[in-house]
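For reference, the structure is listed below as structure tokens.
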Amino acid sequence: MTANTSMQPTATYDSAFLKACRREPVPHTPVWFMRQAGRSLPEYRKVREGIPMLESCMRPELVTEITLQPVRRHHVDAAIYFSDIVVPLKAIGLGLDIKPGVGPVVEEPIRTRADLARLRDLTPEDIPYVTEAIGLLTKELGQTPLIGFAGAPFTLASYLVEGGPSRTYENAKAMMYGDPELWADLLDRLADITAAFLKVQIEAGASAVQLFDSWVGALAPADYRRSVMPASAKVFEAVSGYGVPRIHFGVGTGELLKLMGEAGADVVGVDWRVPLDEAHRRVGPGKALQGNLDPTVLFTDKDTVEAKAREVLGAAAGLEGHVFNLGHGVPPNTDPDALTRLVEYVHTATAR
């Protein structure tokens, strides 16, 4: 993190979440949940009823309400901006949609060099609803930090090349291995778009940003270092001057944790597969960690949830900085009360 904190909203600077990200002493371990705003909340389902996902991301007042819902209900230590990783791609004119039960689907996949011409630069004028929504949110949130977010270049590329979700990433990997120059140019262009998306969020008032590389766990470390890390590093470097914490998260990335930290993150997100003390050993000093309760634990009873949370907190004891989170997103069928109880438990158990 740079020493420049001129963009840091003063109301949130001393929050437990930002202190943990900066590896400073905290009054309690801060908690937030990936996908905390969403289908697990009945109030979310009510306000989203009949509104397509991408449209909901472009309505500032709706975005504000959805982002605030888990803060009101669960008393989490940070809000995360409600959006979707494909929003910046939609904003530059790509034909895509989010189909219920499927995910992002791209009308014309990116497969050739000529296709790169469709990936123009993203400007603030393309996403005025983001600036407006974050302005509304920061007024409502007060001392609670807002996390901005974006999809990482590899995960965006995997959707664009495959044309939608994939379990094998055969087309994306084929490009990466078979046409490394085209692949590098694709990720570089996506890095610019991603950085622009994050800059708009920070300049509008986001106190931290998270880069989601949801599918990068499909890669071996050598392939990540050579073919993905330069683009992710470009994104982190582009926002380094703002002085806000930068979080990097991926799924199934136990073998990539050190490299993901080296890409420029201040905080490395850890999924549930690697205990936090082992994750710290792999990442090395100078980074805070975020995670990492298995989301499926939430479907058990209260005592079991607390016992598993204690294991996570025990593994995190002695870390330079720890933000409690799940090892991935909140499952849609989660009982919201389980999340509320979990936040209260972590706050109480870690009170200094």
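Some notes on this structure:
- Neighbourhood charge, 12 Å Cβ-Cβ cut-off, centred on residue 313 and excluding it, Lys, Arg +1 and Asp, Glu -1: -1
- Under 12 Å, Cβ to Cβ, from residue 19 - net charge with Lys/Arg +1 and Asp/Glu -1: -1
- Whole-Å semi-axes of the ellipsoid equivalent to segment 54-194 (Cα gyration tensor, √5λ, descending): 31, 15, 14
- DSSP assigns beta bridges within segment 65-219; of those with both partners inside it, close to 35 percent run antiparallel.
- Semi-axes of the equivalent ellipsoid for the chain, Cα gyration tensor, largest first, Å: 29, 23, 20
- Only protein atoms count toward the accessible area here, which uses a 1.4 Å probe; on the chain, the carbon and sulfur part of that area reaches 50 percent.
- With protein chains left intact and a 1.4 Å probe, residues in the chain average 40 Å² of accessible area per residue.
- Label-point separation, residue 113 to residue 125 (7 Å along Cα→Cβ), nm: 3.0
- Mean separation of Cα contacts under 8 Å, 6 or more apart, over the residue count of segment 223-352: relative contact order %: 21
- Size of electric dipole in the chain: Cβ of Lys, Arg +1 and of Asp, Glu -1, about Cα centre, debye, nearest 20: 400
- Of all DSSP beta bridges confined to the chain, the antiparallel ones make up roughly 15%.
- Scattering profile of segment 223-352 at q = 0.12, 0.16, 0.21, 0.22 Å⁻¹ [log10 I(q)/I(0), Debye over alpha-carbon scatterers]: -0.49, -0.81, -1.19, -1.25
- Taking the C-alpha atoms of segment 160-255, convex hull volume expressed per residue in Å³: 103
- Ligands, DNA and RNA aside, residue 77 has an accessible area near 30 Å² when probed at 1.4 Å.
- Rounded Å value of the spacing that divides the Cα centres of segment 170-217 and segment 86-101: 15
- Cβ-defined net charge surrounding residue 261, 11 Å radius [Lys, Arg +1; Asp, Glu -1]: +2
- Whole-Å distance, taken between Cα centres, linking segment 268-293 and segment 123-162: 25
- Per-peptide average of other Cβ atoms within 10 Å, ordering 337-349, 22-34 highest first: 22-34, 337-349
- Cβ crowding within 10 Å averaged over residues, with 132-145, 308-321, 182-195, 263-276 ranked highest first: 263-276, 182-195, 132-145, 308-321
- Highest mean packing comes first when the peptides 35-43, 82-90, 118-126 are listed by Cβ atoms within 10 Å, giving 82-90, 35-43, 118-126.
- Alpha-carbon radius of gyration plus Dmax, which is the widest Cα pair, for segment 31-120 in Å: 15.4, 48
- Inter-label distance for residue 177 and residue 320, nm, one decimal - labels placed 7 Å from Cα along Cα-to-Cβ: 3.7
- The relative contact order of the chain comes to 23 percent, based on Cα pairs under 8 Å that sit 6 or more residues apart.
The values are calculated or read from the model by the stated rules, or taken from the named source; none is laboratory data. The structure displayed is predicted, hence computed values, not measured ones. Neighbour counts run over all protein chains shown; Cβ positions are idealised from the backbone, glycine included. For accessibility, only protein heavy atoms count, side chains too; no ligands or nucleic acids. Shrake-Rupley method; radii C 1.70, N 1.55, O 1.52, S 1.80 Å.
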